[in-house]
Amino acid sequence: MDFPDDLFPTFFLPGPPGLSDSPGSYLAPAWSDYMQLLKPPQTQDPSVNPQHEASYVTKWGRWRSDSPGPLPFLRPGADPWDSELTSRDLLFRGRLRHPFGAKATIDVIDQLNQFLRDHGDIAFGPLGKLLQENFNLGEPKKSRKGRTVMNAERLLQDLGGHQPKGCPWAHLSTRQRRFSLLGGTVLGEEVEGLLGGLLHEELEGRWKELLLDEASTGGALGWVPGAKPHVGQLVYPAGRAYDQLNFQKVKLSPTSEPQALGDPTRILLRGPVRQVVTRTVQEEALVAVRSDHHCAVWKISRQGHPEPLQVLGMEKGATGISLSPHLPGELAVCSRSGAVCLWSPQNGLQQIHKDPETLVFKDPSSWRWADFTAHPRMLTVADRTGVRLTDVRGPSDCGELLFRVGAEASCQRGERILLAQYLGTSSPLSLSPTLHLICTQFSLYLLDERLPLVPMMKWTHALMSPPLLAQLLPPPRPGAPLPLLLGGLGGHLRMLHLSGGSSRSPQLAAPPQSLPSLGDSLPGFPVLEPHGQQLLQERLKAPLTGLTAVVPPRCPSPTMLLFQLSAAGDVFYQRLWLQPDTTSTNADSLQDSNSSTDHADDPELDSHDQTSALPSLDAAPDPGAASWNPRAVACCRRWLKTLLQVPQALPSWTPPTFSQRYLRWLKDEDKGKVREGLRAAMTEGRLLQQGDLGPLPPSEPPPAHEPFGPEDKLTERLEASWEGKGAIWWDSQQGGSQVPRKRQSREKRRTQLSSSFSSVRTTSDFSDVDGHHEAPSPLHRTSEASQSLELSQEPWARSVPRERRQTLRDYLAVLPPLDSGSRSTPQSQNPSSQNFPTSEQGRCSVPRSQNPRTQTLLSPHPGSSSAPCTQNPNSQSLFSPDPGFSSVFHSQNSSIQSLPSRHTPSLAGSQPLKKKPRMGF
Amino acid sequence: MDAFSEELMRSVEEDDQEKASVGCGPEIHLPWLSQHIQNTVSHGHKGINFAQTTSICLNFIQEALLKHQWQQASEFLQCYFQALEDFNSQKRQVALQNIWKLGSAILYHHPKSSVETFSAFADRMKNIGVQNYLKISLQHALYLLHKGMVEEAYRNLNQAESWRYGEMSASQEKLIKLIQAYRGLLDYYTWSKKRTELSKFDMDGFATSAATQDMHSYFRQASVNLHEIIKIPGVWDPFVKSYVEMLEFYGDQDGARQVLTDYAYDNNFPSNPNAHVYLYKFLKKEKAPEDKLISVLKILHQIVPSHKIMLEFHMLLRKSKKEEHHKLGLEVLFAVLDFSGCIENITAWRYFAKYLKQIMMEKHLDWVQEGWSSRKDWWPTFHFSYYLAKKNWKENKILALEKAFTSGILLGKGCKYFMYVSKQGHKVQEKSIKTMKKFVMKHNILDSKEL
């Protein structure tokens, strides 16, 4: 391979980052980004051969978009999306004294306040239990020797079933006040000390995540080219929990819009998909997926069907995955423990690097990243402080640094690596195959692995969000510079043009360009009423979590299709053309205007000249700017229509309308029901309702009043509802002809869930909403793999606000297993059918968390394994027809519990609760 | 008073920055942090202060630049000048640098801008802040060089070099050296022009000696400056090249060799492959002994095993009389073919096939096995897969034949690649395939192992 024989002169001074007068920072590559376009002076006289090369624009043209913003490609998912946390939710909202000395204070007080108000039961429950023996709460007389028992009956009477906690202005009796004064300090300290610390920790974690969400590094949108050049597949996560991996066939055409072919193939996983990597090596297309604690690989068959290869469990959490561009089926995976492994489904795992400490200097981040290099046996291992080249065959601690956050690259203080990507190209003529892209929060560096530590190029990207996505594209024309796409999490897109064949150092061939983001599409949508407008706006502002560009085959002029995936699960696309620069009369005529007489042709530009002293915002409209054409508007309108049909997300939290006081007085048989109700509600992730907890204890009706008339319906109704029979009264009023509506809707929801159980299936995009009682597909019934996967998905996660999913998962992990078997058919879930086979009652279900062999694909809690990256053939190869393995599932399937005879079906097992439920923050 | 209040402001700011780093957890500095805080704070109240308008304006300029709307950007830049009125001296400095950075970018691309405009802007900016003088001068000179205006650039560099303002900081001293080095480079350009003139025209004695004198003075000017910069660690390819060329011309071979050796072997310098290549080329021109050349390339082989000069290195080793060099020659080829960029390098494959044949004949099987042992688990898929056999046969039959031969030796006659190519080749080149097959039957490392 050629090495550029004339490198740009630069100082090389090792040192810590942020040396304000590091001489490197004065040099052209570092100091002035735009001046970088200057070529380094060659060792031949520049006056002999002045570099009057045609600029990029005149030589190659300009990338232009069809529409001012990306257009929706797929219809919005059936799940509502609640927008992310913002800094406003987390930070103290007082006025700052010095608004520019950035000061972030996490608002724990407000959160704690809310929590105590909403979940007093949880906060004070344990203490209450401890003190319970010393208080008499109205039970039959209890007294124990040597113990003071206080009578709290009067206190409870004062409370009278009210919940003063929901109302700050509630009346307080003297007794209550006295009690709160005496007990307040004790109760408060307890809560503050234990809860406050935890809450602060949690909020701080959230705040860090908001500032830098490293989970989505690399992006979760991939493109797999098909056997025919004009057909391919988009691979992306869908669903509220991002746990559904979709393979959508797409037909490309040289001139018209891309078309989604049929419905996507869906695979339900047991964890959110964070990163999708696709690669075709020697005609073998592979898709690698990273979840929080698992990595998995699929092979795409020639017909385009995904075939699972292997799953890898990572106890400490996975941070990065990449596929080898050289050898089919070879991957590099990184774990939070600091381990980097080479992984191939055939040969298993090989640890090539393990160091809990960071490479260059100490940094608290446990983020690790690995990618391949031009040598198939060398890997780059990156963390926040540096990138190292490591030989797979050598000992793990050898290897040299490729990049270091320091003075060599004139890094700033506090600069950290956010992305390290190998930019290997298949055509070495266009760009050297030894280049690596390194992005920090400030700049972008290009490094050649043959000349470590000295960046070949540096550009300050000035993105206001972490640049976590990058893709290098083939040259649009032979010899033309290569477009490099850079995407920030906030949706900002940049396109750079890299030139310099294998014998020249890489350079920017043209000033970088910004591309429209999803937010720019807003004007393409019809104006809605404020509520809808806000919904749309939030949706379009969702973080960018995936980016992939595809070059359609046989285009008359160079074209690329840019697909974008947002955190709301929306896939948008945009078509970019490299148009010859005929329209830019602007540039050409102006260039001439210095010397020639072109002025008369351009009155508009002349006027600019005169008014240039005055800033005018709408000056110089880009002549080539695209406008919204009717087809684009119609496309947006269609998408919006579907979006507005999606039911709204539930409000993230409303205080419960029941009091735990009722739980205490329940009889033992009722308690079981309550627990089941609780569990059912949690499983479905919905709000706990009064109906779930059984009838209210009979309380005295309010004093009767004079009836308003002979047929006082209002009074009747009030009375009925006071006794908890409001619904029955309503039914009787309706003549009993209608099935209670509530029940109907519940049924509907349940069948939706059950219909989405099958793992590998193809249904229409919206069948989750429309096609209820659809029969399970044949694949669903026959395939062992799909059956095992069936259990692996967690439907409850779909309707739970994202911020509470983890808590719920933690909670459910300690619960006895759900009886998933009873869900496999929609009928068994029908709440009205209560004749369940009772013969199987005796069979005991296998708790999922206790059997390591039932560890399935992407489970939230992998079984405890000693190594950070374990590869357990039993637990991972769930796709192989392992008889022992499937039998475990059968035993789980067949164990159907008897259901209580309430309206709400309970899917819970009979084991007692192990832990107090903690809903909340 | 002013200085005092600035001091006060700075201390306040530093305090706040510390707090910010506590609040956001890790010590990582995120540029979007202040935006998040602004969002929280400014929600609901409308007043926009000076600093906010300035940063909004900066954003507008950057956006316009990214959309290549140079005119618009220049108009926004006029509004940005208010940033120079900031109370905080540090912020004023940053604003100054921003104005230079953005302004030069706009003027570089603006269709209406000319060299004169750019120069006027640069001259203006140079004199605003003391700290920026040298940097802007250098950038300005580079710009002029890019436009082919060497004399202007030279004058500029000269001016910058003679500039003095109080005591210079260490970095400014280095920068001055860099400026001098660029000036030296320009002197070298003149020198080399004069040299070609001198060689082209036959002049009488007097004119020749005058011209030689003139040339020599350029050499002296250039060499002083270039010599200085080369001592500082860095990547100085153009400087080293031109300096060595001049030294060579005046017959100072030892000096030139010393410069190149220092440039290649000084540990403070980055491991620049070019430094070794320059040294090798110099020694080769000097007709240095082969051992010397081999030792230079040996180091380059360790740093960049994929360098194209490695094929030359291989030939050198092959010609050598030492057996260890012959062994290294094989290892060099193995290493070259490891790289994805050299997969289809037909020369490398031809050398490899030929050399393998030679080695097998010489019965140095252990060498092949040694090189093969670390590659046997991945070379078959990397080089000799069925897919590649089909592809290579379709695209380049000669390459396919070379590869098939090596695959036969390394993997035996049962290898997919070998089988495919020999089957396909049988129809076309029956004779050569037959000889190849015969050789592979006799010599391959698989069968030899069994023996």
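Some observations on this one:
- Of the trypsin sites (Lys or Arg not before Pro) found in the stretch A:346-388, the ones in coil according to DSSP and having at most 10 other Cβ atoms within 10 Å of their Cβ are A:K362.
- Of the listed residues B:R350, A:R154, the order by accessible area with a 1.4 Å probe, largest first, is A:R154, B:R350.
- Kirkwood hydrodynamic radius (C-alpha pairs) into Stokes-Einstein, chain B, 10 °C and 1.306 mPa s, D in µm²/s: 56
- When the Cα gyration tensor is reduced to axis lengths a ≥ b ≥ c, the ratio a/c is 1.5 or higher for the stretch B:356-451, and with a/b not above b/c it is classed as oblate.
- For the peptide A:559-565, the mean number of other protein chain Cβ atoms found within 10 angstrom of a residue's Cβ is 0.
- Total buried accessible area between A and B, probe 1.4 Å, nearest 100: 9900 Å².
- Centroid-to-centroid separation of the stretch B:187-242 and the stretch A:358-383 [C-alpha atoms, Å]: 46
- Rounded to two decimals, the Cα-based Rg/Rh of the stretch B:33-180, with Kirkwood Rh, is 1.04.
- With K and R counted +1 and D and E -1, the other residues having a Cβ less than 12 Å from that of B:D338 yield a net charge of +1.
- Whole-Å distance, taken between Cα centres, linking the stretch A:427-479 and the stretch A:494-560: 18
- Sequence ranges B:385-394, B:185-194, ranked by mean other-Cβ count within 10 angstrom, highest first: B:185-194, B:385-394
- Shielding by partners for peptide A:508-517, expressed as the average number of C-beta atoms from other protein chains within 10 Å of each residue's C-beta, is 3.
- Each of A:R279, A:R240 has its accessible area taken with a 1.4 Å probe; listed largest first, they run A:R279, A:R240.
- Exercise: per-residue mean of other protein chain Cβ atoms within 10 Å, B:139-149: 5
- Alpha-carbon centroid distance for the pair the stretch A:232-303 / the stretch B:356-372, whole angstrom: 46
- For the stretch B:164-271, the percent of C-alpha pairs falling in each 10 Å distance bin, counted from 0 to the bin holding the largest distance, reads 14, 40, 29, 14, 4, 0.
The values are calculated or read from the model by the stated rules, or taken from the named source; none is laboratory data. These figures come from a predicted structure and were not determined experimentally. For neighbour counting, all protein chains shown are included, and Cβ atoms are generated from backbone atoms with ideal geometry for every residue, glycine included. All accessible areas refer to the heavy atoms of the entire protein, side chains included, with ligands and DNA or RNA removed. Shrake-Rupley method; radii C 1.70, N 1.55, O 1.52, S 1.80 Å.
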